[in-house]
Amino acid sequence: MVMQIAALMGKVKSVVITGHSIGGTTASLSALWLLCHLQSMSSPISTMLCITFGSPLLGNEALHRSILRQRWGGNFCHVVSKHDIMPRLLFAEIVNHISKIQALLHFWHWCMASPHIIVTGLSSQLPDDLKDTVFHCVLKDLELLAQAEKPSEILFWPFGSYVFCCQEGAICVENAASVIKMMYLMLATGSPSCSINDHLKYGDYVAKVSKQFLNARNFHEEGLPDSGYEAGLALALQSSELIYKEPVQDLFFSMQNSNLRREVAIMAKGCLQMAQNSDKPNLTAANLAIKLSKIVPFRAEIEWYKACCDQADDQMGYYDSFKLKRGSRREPKVNMNRLKLAGFWNSVIHMLENNKLPHDFDRREKWVNASQFYKLLLEPLDIAHYYRTGMHRERGHYIEHGRERRYEIFDKWWGERSVPEEENKRSKFASLTQDSCFWARVEEAWEWLDNVRSESDVTKRHLLWDLWHKIDMFEKYARKLIENKEVSKDVIAKNSSFSRWMEEWKELKS
């Protein structure tokens, strides 16, 4: 696979990986590997799509969340036919039925190796007890999961988009809990035989769905509801063949079957409503923009505080003022605003990772710029709080042991933005230091300096040399930032911790 991908580099801009049955699981694993590979290198491949047909489930809820966190959910489309038992198989406790499952897999493999055979009636070649046992085992456990408020304690969990197809059309569901319920409701209207035959009919379903257009279909006798929302639900139900119709002749429908179809139709409508209500990313993003405007005053107060610190007579600057002046009246209010802003941005990341925001949210200029400004303004205060409360003595230095995950995520957003950074040289110092971790580096440099002073054992020259090298590298890095005017004035303030460090470093070298 590595060699195949290497051969594609520079030749294609998009890759589509497909697979049927167990091959679908292999396709998903290959797609995950490719996404990780592309993330770690500069590649012209901009689009990767994995389409599976009747694929068994792959991972648990942790994998599901990891894929959401990486914004990869949109790269996976799983096509599931109405009654196919294969995608539902791993929801059930199948440990006691391994021999039957193996026989079923061998049967499917034999059928797929003989593409010219007619699918209808093929399942009659399997023993009835095998079909009934597997079908009812899966149906029973799926029903329990579908009825649970939060079926989190299961070994396998769906990820990506699920397209449920049948003779009438197809519907797409992304919400994981709704996917599980739709799998149950569709299987509940089937039978042991059709649950096995359906696994071999994806070619027929895809051919039919590709020819069906919404505006070319006649809706059921009652017509479309006036409400666009209700019309959408009704059309989705029709596409899933779960809509209830009164039987014309009792000869074809038993009362029990009729009641089951009515209940399934009601539950399916509720399931689709839940999926639609939980997945309104654009509306959520719009509401989030309103919340962002409401926290602007908190940020403005901190900006005002920074300006006051930078102009103060003590010439300590923004970082050191907050770190050392714990007794003044302004710091408690600033600290409160710091915590409020952190809470807001943590909630943004939580929504993004739970697929409640648009897939391109982390690439939208407004949010990339807002998060970057927040990071540059607030992270120095987080560093100051970390060191003044002594957390570095318990955990270790900030960058490696104390940095909040939101800042690492914002680094990634800023690095992946589509607009290249201007290369014009600055004519004046930046309003905010462009390395938000600069003060954490200063704190580490202070420790190195203290260690050099206190180390008197000449046998540990290699340790001393390592410390001197680290200090020298930091000094060069800091001088470059200052030369390029990528620091705020508070860095070079007379009594800032950086200026004092530079003075002591010069004294030690002399």
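The values are calculated or read from the model by the stated rules, or taken from the named source; none is laboratory data. All values reported here derive from a predicted model rather than from experimental measurement. A quick note on method: Cβ atoms are made from the backbone with ideal geometry, for glycine too, and the neighbour counts reach across all protein chains shown. The accessibility values were calculated without ligands, DNA or RNA, using every heavy atom of the protein model including side chains. Shrake-Rupley method; radii C 1.70, N 1.55, O 1.52, S 1.80 Å.
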Subset of segment 66-76 (residues that are in contact (Cβ under 8 Å) with a residue 60 or more places away in the chain and surrounded by fewer than 17 Cβ atoms within 10 Å (Cβ to Cβ)):
ARG69, GLY74
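Take GLU353 and decide whether it is of a type outside the set (Phe, Trp, Tyr), over 30 Å from the mean Cα position of the chain (by Cα) and on the phi < 0 side of the Ramachandran plot.
Details: of a type outside the set (Phe, Trp, Tyr): yes; over 30 Å from the mean Cα position of the chain (by Cα): no; on the phi < 0 side of the Ramachandran plot: yes.
In short, no.
Matching residues to (1) open to solvent by 70 Å² or more (accessible area, probe 1.4 Å); (2) modelled with pLDDT of 70 or more:
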{"residue": "ILE118", "(1), (2)": "yes, no"}
{"residue": "GLN125", "(1), (2)": "yes, yes"}
{"residue": "LEU130", "(1), (2)": "no, yes"}
{"residue": "VAL138", "(1), (2)": "no, yes"}
{"residue": "LEU144", "(1), (2)": "yes, yes"}
{"residue": "PRO151", "(1), (2)": "no, no"}
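Restricting attention to segment 283-317, which residues are in a helix (DSSP H, G or I), charged (D, E, K, R) and open to solvent by 50 Å² or more (accessible area, probe 1.4 Å)? Explain how you work it out, then say what you get.
Of all residues in segment 283-317, those in a helix (DSSP H, G or I) come to 283-294, 296-311, 317.
Then drop every residue that is not charged (D, E, K, R), which leaves 291, 294, 299, 301, 303, 306, 310.
If the condition is that a residue be in a helix (DSSP H, G or I), charged (D, E, K, R) and open to solvent by 50 Å² or more (accessible area, probe 1.4 Å), then LYS291, LYS294, ARG299, GLU301, GLU303, ASP310 are the ones that fit.
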Looking only at segment 41-92, count every residue that is charged (D, E, K, R) and over 17 Å from the mean Cα position of the chain (by Cα) and tell me the total.
3
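Tally the residues that are open to solvent by less than 60 Å² (accessible area, probe 1.4 Å) and touching a residue at least 12 places away in the same chain (Cβ under 8 Å), restricting the search to segment 33-48.
Within segment 33-48, the subset open to solvent by less than 60 Å² (accessible area, probe 1.4 Å) is 34-35, 37-38, 43, 45, 48.
Those still in the list that are touching a residue at least 12 places away in the same chain (Cβ under 8 Å) too: 34-35, 37, 43, 45, 48.
Count: 6.
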The one condition in (1) over 20 Å from GLU475 (Cα atoms); (2) in contact with a Leu (Cβ under 6 Å, 6 or more places away or on another chain) that HIS350 fails to fulfil
(2)
Taking segment 153-177 only, how many residues are at pLDDT below 85, touching a strand residue (DSSP E or B) at 6+ places or on another chain (Cβ under 8 Å) and open to solvent by less than 10 Å² (accessible area, probe 1.4 Å)?
1
Cβ-Cβ below 9 Å, separation at least six or inter-chain, first residue in segment 444-472 and over 21 Å from HIS397 (Cβ atoms), second modelled with pLDDT under 80: which pairs?
ASP457/LEU463
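Considering every residue within segment 372-379, establish whether at least one is part of a helix (DSSP H, G or I), modelled with pLDDT of 95 or more, within 17 Å of ALA342 (Cα to Cα) and open to solvent by 20 Å² or more (accessible area, probe 1.4 Å).
There is at least one residue in segment 372-379 that is part of a helix (DSSP H, G or I), modelled with pLDDT of 95 or more, within 17 Å of ALA342 (Cα to Cα) and open to solvent by 20 Å² or more (accessible area, probe 1.4 Å).
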Tell me the residue from TRP345, TRP367 that is assigned to a helix (DSSP H, G or I), modelled with pLDDT of 95 or more, surrounded by 15 or more Cβ atoms within 10 Å (Cβ to Cβ) and under 34 Å from the mean Cα position of the chain (by Cα), please.
TRP345
Return the residues of segment 477-510 that are touching a residue at least 12 places away in the same chain (Cβ under 8 Å) and within 18 Å of GLU447 (Cβ to Cβ); say none if nothing qualifies.
TYR477, ALA478, SER496, SER497, PHE498, TRP501, MET502, GLU504, TRP505, LEU508
Residue ID - most open to solvent (accessible area, probe 1.4 Å), chosen from residues in segment 380-414 that are within 26 Å of SER293 (Cα to Cα) and among the hydrophobic types (A, V, I, L, M, F, W, C):
TRP414
Need the failing condition index for LYS82 against (1) touching a residue at least 40 places away in the same chain (Cβ under 8 Å); (2) under 15 Å from TRP157 (Cα atoms); (3) open to solvent by less than 30 Å² (accessible area, probe 1.4 Å), just the number.
(2)
